[in-house]
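Please find one structure pasted underneath; my questions will follow.
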Amino acid sequence: MRLWRRKRGLNSEPPFLRGAGGILYNKPADAEIKNPVFVPADALEGALKQFFGYDRFRPGQREIIAAALAGRDVLAIMPTGAGKSICFQLPALLKPGLTVVVSPLIALMQDQVDALVDNGIGATFLNSSLDRETARSRQEAILQGEIKLLYVAPERLMGEVFLGFLDQVRSRHGISGFAIDEAHCVSEWGHDFRPEYRQLQTLRRRYPDVPMYAFTATATERVQQDILHQLRLQNPHRHLASFNRPNLYYEVRKREKQSYGQLLQAIRAQKGGSGIIYCFSRRKVEEVAGRLQGDRIPALPYHAGMSNDQRSENQNRFIRDDVQIIVATIAFGMGINKPDVRFVFHYQLPRNLEGYYQEAGRAGRDGEPANCVLFYNPSDIHSIEYLIDQKPDEQEQRIARQQLSQVVDYAEGIECRRTIQLSYFGEMFPGNCQGCDNCCNPVPLEDWTVEAQKFLSCVARCQQRFGMNHIIDVLRGSKNERVKKYGHDSLSTHGIGKNRSVDQWKLLGRSLLHQGLVSETSNGFRVLFLNDKSWEILRRQRKVTIAVPRRITGKAGTRENERAMVAELLFEELRTLRKQIADEQGVPPYVVFADSSLRAMAQQQPRTLGAFAQIPGVGEAKLKRYGSLFLARIEELAQSQIPASEQLSPPQTPELSALGSNTQQLTLQLYQKGLNIAEIAAQRDLRPTTIIGHLGDLIEQGADIDIDRLVSPEHQAVILDYLTQYGEDSLTLMRDRLGEDYTFDELRLVRGKWRQRL
């Protein structure tokens, strides 16, 4: 615990590592300290607050941490957002020695280490992105006992040279544990199998006394058993959390012909916030990203056809809030550690339900409300089926078709979306979640028994040898060559379904399949045949109800609890401050504070460091580093609230009343009276940058503001030329490219003018 002592000037172990009646854990046989160590039970919450700023554990965390401190192996299946990282990070801080974290992606390592360092914790990573000198320096820090958590990829970890280095670490300080993140990569049945993970079982043979902790967000029972076997976990503490993500709102919308306009409307309904749009193909990714850019929505593409450098740059710009949206194929997924994604849209049908759960699960990792919308059109099925047909192995084809059927069941299902999702992972859910479109807007059912009898009768008269499309052709009276070839134009069922459209018959056919009221061959030909339930319908012993499609409005873009206007304004101002700090430090904004912490600040409006320390996510390091900055901004915004004696005078024109918020209108009136920025700021007791922000927003909305009073025409011309040529970037990036002669205030004002022209 040298880092602890160095930071606090102590010569003893931290007090919560001593005492009786606590949690005992085992140490490596040749560790420096061989005596058992107890962690008092009531000290864990104190350590959680001290290092991470939280007052209480999330469900399951405490039990997992206790097992890790007791020296047990762990297998924890915890959905995204459940806080699995703390389950191995906190034990690493409370146990002597180094904890090695196996992580599959460089970006994931960087994000986790940034967050730990920002909390004042000794952490680092070693990977191929580092030059030789930097790597050597970090290894020396590890050998000196300054690092508690080391992140490393499995490929590097299992090299003989690196294992030799770990042997040195073990002899000097001890290895307290191996944490295997994304452990499903061990299993060939997992959705992201990584063959390199198979080699990790070597760790058990080489370090038999060092506990191993396996963590993943999703794993079926088959994958769990494979993890246990491959990692050689010994009598592990097993924790299987619910896969339910109550903060996520799930919705399926029928994708219309004018699908881009539908998508654009849905994005604008989110009213800001970061989002991910998943598309099926690289071509569609580029198309959607380009059209969004043309509609002044900051968006970037991400797919496997791009260079590594370009993908990395686009991902980093998204993570750091330089752009609002990333448009991606499934190449963008595992390891993305951005917790404040407010919406995930699937523009096309995903290939399987587990993949959809994972991809939609990128939203709302901070526990705040988020929207997951799937835009569905049955034509997507054929595109996926074509790819399935290209698979050389018949068993792979059958599995892929079954997975496709499951995701179609989800898209067309009338039950609670959570019930469908969670049943896939073997978890029972009673339904009525009030967090999906089917529960919030129940789909009306209609009795289609007569139509079902016609459909099934036609299947029977076609001798149960044809697929759905042919049956529909016969029902609608088609005289195409295939119908005539088999003489089906002379059947009694020929033409009896002209009153229904092709789409309506397809809807019925799929519903019959999903309800098990008709069967289909699994040999790839998809021939329909009758089963016992089919005959019950034909004998009038069973009724058939189906969901009638309609436009689903849902509640995307809404929030369960509306925030007060002042709190929302303060939240946005705090986000701006967070972004400025993050840009200065070169880290993603969420490393500074999570959205949930900013919302708590906006709602509680603390005025002292003591009150600020009670905000969730504010630990000792963040309190010291950021407390004064955020308190000053909170005080500033609180003072800017307009008292009763300072009400707005009637607007000069009807148009003025529609521009901006109340506080922006007051700024505009003072500006129109001839006051300059400094005078307005002094009269309103606000910072000049806040006044600039008001004016920039008002210029964008078309307010009558003479920008020549604020920015020289020469600077305006250069900034406008930049925006026209390169499009909208973050203010930090614009200033880096244009030079220090151009202030952030000028950039913000001219950007408002450019936006107003579009």
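Where a number appears in this text, it was derived from the coordinates with a stated rule and is not lab data. All figures in this text were calculated on a predicted structure; none of them were measured in a lab. Here the Cβ positions follow ideal geometry from the backbone for every residue, glycine too, while neighbour counts run over all protein chains shown.
Check which residues have an amide H placed less than 5 Å from Val101's amide H, if you skip close sequence neighbours.
Close amide H contacts, sequence-distant or interchain: Leu150, Tyr151, Val152, Ala179.
Here is a follow-up. Given 0.36 nm per residue, what is the gain on full extension from Glu286 to Glu385 after removing their alpha carbon distance, in nm? Before the final figure, lay out each step's value.
Numbers: separation 99, 0.36 × 99 = 35.64 nm, distance 2.29 nm.
Roughly 33.4 nm would be gained on extension.
May I have the pair-distance distribution P(r) for segment 445-547, computed from all Cα-Cα distances with 10 Å bins from 0 and rounded to whole percent?
Histogramming segment 445-547 at 10 Å steps yields 16, 52, 29, 3 percent.
Let me ask something else. Pop out the ³J(HN,Hα) list for segment 170-178 in order, Karplus 6.51 cos²θ - 1.76 cosθ + 1.60 with θ = phi - 60°, rounded to Hz; leave Gly and Pro as x.
5, 5, 8, 10, x, 10, 7, x, 10
Whole-Hz ³J(HN,Hα) for each residue in segment 408-420, computed from phi via Karplus 6.51 cos²θ - 1.76 cosθ + 1.60 with θ = phi - 60°, x for glycine and proline: what do you get?
Whole-Hz 3J(HN,Hα) from phi for segment 408-420: 5, 4, 5, 5, 9, x, 9, 7, 3, 4, 5, 4, 5.
While we're on this one: What are the ³J(HN,Hα) couplings of segment 249-261, residue after residue, when phi is run through the Karplus curve with 6.51, -1.76, 1.60 and θ = phi - 60°? Round to Hz, x for glycine and proline.
9, 9, 8, 10, 10, 5, 7, 7, 5, 8, 5, 5, x
Follow-up question, since we're still on this one. Express the C-alpha Rg of segment 248-440 as a ratio against the empirical globular expectation 2.2 N^0.38 Å, rounded to two decimals.
1.01
Another question about this same structure. By what distance, in whole Å, do the Cα atoms of segment 234-342 stretch along each of the three principal axes, largest value first?
Sorted from largest, the Cα extents of segment 234-342 read 56, 35, 24 Å.
Identify the chymotrypsin sites (Phe, Trp or Tyr not before Pro) of segment 453-540 meeting these criteria: DSSP loop state and at most 11 other C-beta atoms within 10 Å of the C-beta.
Qualifying residues, ordered by number: Phe525.
Here is a further query. Report the full-extension gain for the segment Asp489 to Thr608: residue separation times 0.36 nm, less the Cα-Cα distance, to one decimal in nm.
34.5 nm
Find, to one decimal place in angstroms, the Kirkwood hydrodynamic radius of segment 337-454, where the mean of 1/r is taken over every pair of different Cα atoms and then inverted.
Across segment 337-454, the inverse of the average 1/r is 16.1 Å.
Let me ask something else. I'd like the per residue volume of the convex hull spanned by the Cα atoms of segment 561-639, given in cubic angstrom.
Dividing the Cα hull volume of segment 561-639 by its residues yields 82 Å³.
Please name which of Gly610, Leu637, Ala582 has its Cα lying farthest along the dipole of segment 561-639 towards the positive end, using unit charges on Cβ (Lys, Arg +1; Asp, Glu -1) and the Cα centre as origin.
Going by the charge dipole, the pick is Gly610.
To continue, here is another question. Lys271 to Glu740: extension gain in nm, 0.36 nm per residue of separation minus the Cα-Cα distance?
165.6 nm
List every residue whose amide H lies under 5 Å from the amide H of Lys254, counting only residues 5 or more places away in sequence or on a different chain, with H placed 1.01 Å from N in the peptide plane.
Distant-sequence amide H within range of Lys254: Tyr376, Ile552.
Something else about it: Which order, highest average first, do 619-631, 203-215 follow once you tally other Cβ atoms within 10 Å for each residue and take the mean per peptide?
203-215, 619-631
Report the relative contact order of segment 445-547, percent, no decimals, based on alpha-carbon pairs under 8 angstrom and at least 6 residues apart.
Rounded, it is 39 percent for segment 445-547.
Turning to a different aspect of this structure: 5 Å is the cut-off here: which amide hydrogens, built 1.01 Å from N in the peptide plane, fall below it relative to Val74, excluding neighbours closer than 5 in sequence?
HN-HN under 5 Å from Val74: Met212, Tyr213, Ala214, His237.
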